[in-house]
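The values are calculated or read from the model by the stated rules, or taken from the named source; none is laboratory data. The shown structure was predicted, so the numbers you read here are calculated from the model rather than taken from an experiment. Positions of Cβ are generated from backbone atoms using ideal geometry, with glycine treated the same way; all protein chains shown enter the neighbour counts. Please note that ligands, DNA and RNA were not included when accessible areas were found on the heavy atoms of the full protein model with its side chains. Shrake-Rupley method; radii C 1.70, N 1.55, O 1.52, S 1.80 Å.
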Amino acid sequence: MGNAVRPQRRAILTGGLAAATAAFLTGCSSKTDGGAATDSASPAGAVKKTPSTSPPAAGERPDSPWTAFARLMEGNERWVDGKLQHPDRDPRRREFVAEEQDPFGVILSCIDSRVPPELLFDTGLGDLFVMRTGGQVVGDVVTGSVEYGPMTSGTPLIVVLGHQRCGAVKAAHKALKDGKPLPGNLQSIAEALRPAYDVIAKEKHADPVDAMTRVHVKQTSADLRSNKDLGPLVKKGDLAVVSAYYSLDTGRVEVLTGAPTA
């Protein structure tokens, strides 16, 4: 897992970019080498098996967009049903990932205290890169953080996760509708959400805040899916960028766009 290598995914990186990224994020590195892909949970030197269309078991790193997506959605089903397994959360796992990591997914979600990705997808230590911002808005630093896993260690899945009754989106909607800026740097969140507001403002919605949230995560995932660095990975089938929506009432994650196929 920590030793898994995906040469084709890393081929888009120039030596300079890889070196610069590694130097900047030394503490977040994933182990790589120049040999054949291996599974660090197997005997030394064992060659990794051909990717399967079935979700791998906990402790085994999903190696494709579909298997990573399936792992997350199975975890969410356990969360909804109250049948949590709490995988990868013991001292052995802590020791295994202490030196290096190889997460199978990237989650961009809101800072809302009711939406912790590791819990609602029933994942564990070293499984996910997680970025959380108000209203899951992005800027250069956030986008760079999202790109880190796919571009340096072949993380095959990105999920942009909005949620029900988002306070950040609600505040931004009111500020933009009334033309009254939010205090301090909160207005920067509202401005980042303006493209979604402009879309929903053209029509009547029973719940405009909910509609704005859904539009925003779709717009964000589309932007990531087509950007100059992630776009080539998506076209090759090495990466999927999914937009999704989390229900606070049910605990269920609804996929909106970009779900990979087996």
With respect to V209, determine if the residue is within 17 Å of D112 (Cα to Cα) and not in a strand (DSSP E or B).
yes
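Is at least one residue of segment 198-218 within 14 Å of the chain's Cα centre (by Cα), under 18 Å from A68 (Cα atoms) and surrounded by 14 or more Cβ atoms within 10 Å (Cβ to Cβ)?
Scanning segment 198-218 turns up no residue that is within 14 Å of the chain's Cα centre (by Cα), under 18 Å from A68 (Cα atoms) and surrounded by 14 or more Cβ atoms within 10 Å (Cβ to Cβ).
This table checks each residue for (1) in a strand (DSSP E or B); (2) in contact with a helix residue (DSSP H, G or I) (Cβ under 8 Å, 6 or more places away or on another chain); (3) over 19 Å from H173 (Cβ atoms); (4) at pLDDT below 95.
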| position | (1), (2), (3), (4) |
| --- | --- |
| H205 | no, yes, no, no |
| K218 | no, no, no, no |
| D238 | no, yes, yes, no |
| Y245 | yes, yes, no, no |
| T250 | no, yes, yes, no |
| E254 | yes, no, yes, no |
| A259 | no, yes, yes, no |
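Can T133 be described as surrounded by fewer than 22 Cβ atoms within 10 Å (Cβ to Cβ), among the β-branched types (V, I, T) and touching a residue at least 24 places away in the same chain (Cβ under 8 Å)?
yes
If you check L161, L186, L125, which single one turns out to be open to solvent by 70 Å² or more (accessible area, probe 1.4 Å) and under 22 Å from W66 (Cα atoms)? Steps first, answer last, please.
On the way: L161 fails: open to solvent by 70 Å² or more (accessible area, probe 1.4 Å); L186 fails: under 22 Å from W66 (Cα atoms).
Exactly one residue qualifies, and that residue is L125.
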When you look at T155, is it surrounded by 15 or more Cβ atoms within 10 Å (Cβ to Cβ) and assigned to a helix (DSSP H, G or I), yes or no?
no
For segment 79-98, which residues satisfy the criterion of being buried (at least 16 other Cβ atoms within 10 Å of the Cβ) and either polar (S, T, N, Q) or modelled with pLDDT of 95 or more (or both)?
W79
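Answer with yes or no whether D178 is modelled with pLDDT of 95 or more, out of contact with any Gly (no Cβ under 6 Å at 6 or more places or on another chain), of a type in the set (D, E, K, R) and crowded, with 24+ Cβ neighbours inside 10 Å.
Spelling it out, it is not the case that D178 is modelled with pLDDT of 95 or more, out of contact with any Gly (no Cβ under 6 Å at 6 or more places or on another chain), of a type in the set (D, E, K, R) and crowded, with 24+ Cβ neighbours inside 10 Å.
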Filtered residues of segment 163-177 (kept if farther than 17 Å from V217 by Cβ and in contact (Cβ under 8 Å) with a residue 40 or more places away in the chain):
none
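G162 - would you say it is under 24 Å from P208 (Cα atoms) and not basic (K, R)? Let's see the steps before the verdict.
Details: under 24 Å from P208 (Cα atoms): yes; not basic (K, R): yes.
Yes: the conditions hold for G162.
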For segment 219-234, give me each residue that is open to solvent by 50 Å² or more (accessible area, probe 1.4 Å) and either within 16 Å of I107 (Cα to Cα) or in contact with an Asp or Glu (Cβ under 6 Å, 6 or more places away or on another chain) (or both).
Q219, D223, R225
Could you list, ordered by first residue, the pairs with Cβ atoms under 6 Å in which the first is in segment 191-219 and within 16 Å of L161 (Cβ to Cβ) and touching a residue at least 12 places away in the same chain (Cβ under 8 Å) and the second is among the polar types (S, T, N, Q) and open to solvent by less than 50 Å² (accessible area, probe 1.4 Å), at least 6 apart or interchain?
V217/S243; K218/S243; K218/T257
Those residues that are part of a loop (DSSP other than H, G, I, E, B), surrounded by fewer than 16 Cβ atoms within 10 Å (Cβ to Cβ) and modelled with pLDDT of 95 or more, I need them from segment 99-120; list them, please.
I111, S113, R114, P116
Does R71 qualify as being modelled with pLDDT of 50 or more, out of contact with any Asp or Glu (no Cβ under 8 Å at 6 or more places or on another chain) and open to solvent by 70 Å² or more (accessible area, probe 1.4 Å)?
no
The residue from G237, G231, G167, G154 that alone is over 15 Å from the mean Cα position of the chain (by Cα) and on the phi > 0 side of the Ramachandran plot is G237
